[in-house]
Amino acid sequence: MRRFSHVLGKEVLIKSVAQALPSYAMNVFLLPLEISRDIESSMARFWWKSSSKENKGIPWMSWDRMCKSKNNGGLGFRNLHDFNLALLGKQGWRFLTRPESLVSRIFKARYFSNGTFLSASLGNNPSFVWRSVWEAQALVRAGVRWSVGNGASIDVLNEPWLPDQHNPFVSSSHPALHQAKVNNLLTMDMSSWDIELLKDLFEERDHDLILQIPLGIHRDSDRKFVLDGS
């Protein structure tokens, strides 16, 4: 019973203290991979160390396996680099969903004035904060989707709005699509897709996917959602 309490105490200490301490910094900065590995190495040594001061313990399991869920044979510890990217991805998500906030307006003016976070490039002489958040761009792109309402908020290019789980981005490159919004692809009464226009501007794959998107009678605003990865 004492052994169980000792192990449980170590688990709680690692999860609630050692892994929580760098969270504030990881919200805005991408820690170098070497630092993340050093922290994980220290936590692993603490986990495997016995109660004896002279015994360093035997690592029976790699840290990567220990980071798996308990249902999958691990211990549920965090991979710090992945957790770091997830926290930075939340900042990118805020740029997308809260464009009216002060921080979103500042970063948009500096780094993606003519687009969105998803289409932003690293830019020249970027700050360390922007470089860090930008590293999570691919993670956000893989999970975020647009639900088409009136189409006024969605750029045709570089936005994930097609009903394709693996590649929701338009692959067509007609010059007329640059700077175009999704609502420009609708008929004059905004009730249906402009079939002839779609045939002229899009490749077959994009054309077929667009026609799969239903258009309701009551056109609500476009909204973003996170793709369920389960």
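The values are calculated or read from the model by the stated rules, or taken from the named source; none is laboratory data. What you are looking at is a predicted structure, and each value in this text was computed from that prediction instead of being measured. Ideal geometry is used to build each Cβ from the backbone, glycine not excepted, and the neighbour counts take in all protein chains shown. Just the protein is used for accessible areas: all its heavy atoms, side chains included, with ligands, DNA and RNA removed. Shrake-Rupley method; radii C 1.70, N 1.55, O 1.52, S 1.80 Å.
Points worth noting:
- Among the residues of the stretch 174-193, those that are open to solvent by 60 Å² or more (accessible area, probe 1.4 Å), assigned to a loop (DSSP other than H, G, I, E, B) and in contact (Cβ under 8 Å) with a residue 12 or more places away in the chain comprise His174, His178, Gln179, Met190, Ser191.
- Selection count where residues are open to solvent by 50 Å² or more (accessible area, probe 1.4 Å), at pLDDT 75 or above and hydrophobic (A, V, I, L, M, F, W, C), scope the stretch 2-27: 4
- In the set (1) touching a His at 6+ places or on another chain (Cβ under 6 Å); (2) under 30 Å from Leu88 (Cβ atoms), Arg223 fails one condition alone, (1).
- Residues of the stretch 144-173 classified as of a type outside the set (Val, Ile, Thr), open to solvent by 20 Å² or more (accessible area, probe 1.4 Å) and either within 15 Å of Leu87 (Cα to Cα) or assigned to a loop (DSSP other than H, G, I, E, B) (or both), total: 13
- Top-ranked residue of the stretch 39-68 - restricted to ones that are touching a Leu at 6+ places or on another chain (Cβ under 9 Å), closer than 16 Å to Gln19 by Cβ and open to solvent by 40 Å² or more (accessible area, probe 1.4 Å), ranked as modelled with the highest pLDDT: Ile39
- Scope the stretch 91-106; condition loosely packed, with under 13 Cβ neighbours inside 10 Å and charged (D, E, K, R); matching residues: Arg98, Glu100
- Scanning the stretch 194-230 for residues that are assigned to a helix (DSSP H, G or I) and at pLDDT below 85 yields a total of 0.
- Some residue of the stretch 83-100 being of a type in the set (S, T, N, Q), under 26 Å from Leu33 (Cα atoms) and at pLDDT 95 or above: yes
- For the stretch 119-140, the criterion of being open to solvent by 60 Å² or more (accessible area, probe 1.4 Å), out of contact with any Asp or Glu (no Cβ under 6 Å at 6 or more places or on another chain) and modelled with pLDDT under 90 is satisfied by no residue at all.
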